[in-house]
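**Q** Shown below is the structure under consideration.
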Amino acid sequence: MTVIGNVFLLSVICLVRTLHSPKYMIVFHLAFIDLCGSTALIPKLLDTFLFDRRSIVYEACLSNMFFVMFFGSLQSWTLTCMAYDRFVAICFPLRYHSIVSKRSVALILLCMWLALIGLWSSTVGLLNRLSFCGSLEVQSFYCDHGPIFQLACNDNSINDIMAYVAFLLVLCIPLILIGITYACIAIALSRIASTAERLKALKTCSSHIILAATFFIPLLFTNISAVVSSLNPNTRIINSCLAHTIPALLNPIVYSFKTEEVLNAIKKLFRRNQLGIQNSKRKVLRS
């Protein structure tokens, strides 16, 4: 369902010219990384739970960790990028097209990819210095960084520091930036006299708020609970599993049915296809 939904959204954005804008470049990027992240995670997840294949080669484990963490991090920062887009659109509407251009969005997305590749390459690479002489049972549903480095027999303090750095860069900072942008949006909306205009501006943010809430809340709960208390492994696994899989499924649904521009684009494509079918039928009848 995740693959079908995201491929459908990617196709709509590609085929409809009116969606070839900086805003929908970010939506396209989100759908693409959701597709990649799900492909990195769900096949192995199904293999583990449906066929009870619970072992994985060490190198494949590191590869699985890198791609799941990398695409999850990209999702976090893409949601931050969306918040920035809404902030400029509402707070600086007259300068929106000069600030949020295709070039600036492409540059932001490129910087995100390069920074996060560097972060997760070093984080995963540092696991190679560890020795695993005791238990090799990972208390997670995939090769999660925390449960793996905690199994090491030798000093893992550097890995612990990297886990905190990743937590700050992937969850805390994006969430703080999103909070600041929405505080600025709230101030800007409070200055608008018309209630109808306020609601209209707020409606453009509703899709993003839903996506951000479904992504950040479960992950924050899991990470904070793991630090402040001894979280039951099953609770952690179920919560993390939902946090990694549900947002990727919901994103295309939310954008297809809650965003008026995308909904109109889908209707336009549907009408175009109907006309094409009718024209082809007429040609067949004439021949």
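The values are calculated or read from the model by the stated rules, or taken from the named source; none is laboratory data. All values derive from a computational prediction rather than experimental measurement. Please note: Cβ atoms are built from the backbone with ideal geometry, for glycine as well, and neighbour counts cover all protein chains shown. Note: accessible area is taken over every heavy atom of the protein model, side chains too, but ligands, DNA and RNA are not part of it. Shrake-Rupley method; radii C 1.70, N 1.55, O 1.52, S 1.80 Å.
**Q** When N counts the residues of segment 11-68, how does its alpha-carbon radius of gyration compare numerically with 2.2 N^0.38 Å, as a ratio? Mind showing how you got there, number by number?
**A** On the way: Rg = 16.4 Å, N = 58, 2.2 N^0.38 = 10.3 Å.
This ratio for segment 11-68 stands at 1.59.
**Q** Taking Rh as the Kirkwood radius computed over C-alpha pairs, what is the Stokes-Einstein D of segment 155-243 at 10 °C in a medium of viscosity 1.306 mPa s, expressed in µm² per second? It would help to have the intermediate numbers written out before the result.
**A** Numbers: Rh = 15.6 Å.
The diffusion coefficient I find is 102 µm²/s.
**Q** Quick one: the Cα spread of segment 26-124 along its three principal axes, in angstroms, biggest first?
**A** If we take the Cα atoms of segment 26-124, the spans are 57, 28, 17 Å.
**Q** Before rounding to the nearest 500, sum -39500 (n - 2.57) across all DSSP H runs of length at least 4 in the chain and divide by the residue total; then give [θ] at 222 nm in deg cm²/dmol. List each step's numbers first, then the result.
**A** Details: 11 runs with 226 residues, N = 287.
Calculated at 222 nm, the ellipticity per residue is -27000 deg cm²/dmol.
**Q** While we're here: Across bins of 5 angstrom width beginning at 0, how are the C-alpha pair distances of segment 135-189 distributed, in whole percent?
**A** In order of increasing distance, the bins hold 4, 17, 16, 16, 13, 9, 8, 7, 6, 3, 1, 0 percent.
**Q** From the P(r) of segment 100-248, could you give the percentage of C-alpha pairs in the tail past 20 Å?
**A** Working: 6960 of 11026 pairs.
The answer is 63 percent, as a whole percent.
**Q** Pick from K200, K44, K258 the residue whose mean-square fluctuation is largest in a GNM of the chain, springs joining Cα atoms under 10 Å.
**A** Of the options given, K200 has the highest mean-square fluctuation.
**Q** Of L114, L242, L171, which is the most mobile in a GNM of the chain whose springs link Cα atoms less than 10 angstrom apart?
**A** L114
**Q** Something else now. Picking from G125, G134, G179, which is most flexible by a Gaussian network model of the chain using Cα springs under 10 Å?
**A** Judging by the Gaussian network model, the answer is G134.
**Q** Follow-up question, since we're still on this one. Can you give the Kirkwood hydrodynamic radius of the chain from its Cα pairs, in Å with one decimal?
**A** Working: mean 1/r = 0.0474 Å⁻¹.
About 21.1 Å for the chain.
**Q** Between L269 and V3, what FRET efficiency follows from the Cβ-Cβ distance if R0 is 30 Å, with the result rounded to 0.05? Each step should come with its number before you reach the end.
**A** Numbers: r = 19 Å, r/R0 = 0.64.
It comes out at approximately 0.95.
**Q** If you roll a 1.4 Å probe over the heavy atoms of the protein chains, what accessible area per residue do you get for the chain, in Å²? Could the numbers behind the result be given before it?
**A** Numbers: 15860 Å² over 287 residues.
Here the per-residue accessible area is 55 Å².
**Q** Continuing with the same structure: Starting from 0.36 nm per residue, how many nanometres of slack lie between E261 and F221 once their C-alpha separation is accounted for?
**A** Working: separation 40, 0.36 × 40 = 14.40 nm, distance 3.35 nm.
So the extension gain works out to 11.1 nm.
**Q** List the cysteines in the chain whose Cβ has no other cysteine Cβ under 4.7 Å from it.
**A** C14, C36, C81, C91, C111, C172, C184, C205, C241
**Q** Considering only lysines 8 or more places apart in sequence, or on different chains, count the pairs in the chain whose C-alpha atoms sit under 15 Å apart. Could the numbers behind the result be given before it?
**A** Working: K23/K102; K200/K258; K203/K258; K258/K267.
Eligible lysine pairs with Cα atoms under 15 Å apart amount to 4.
**Q** Given just the C-alpha atoms of segment 107-157, how large is their convex hull per residue in cubic angstrom? Each step should come with its number before you reach the end.
**A** Working: hull volume 4.1 nm³, N = 51.
It comes to 81 Å³ per residue, whole-number rounded.
**Q** I173 versus F51, label points 7 Å from Cα toward the beta carbon: distance in nm?
**A** Result: 3.9 nm between the two label points.
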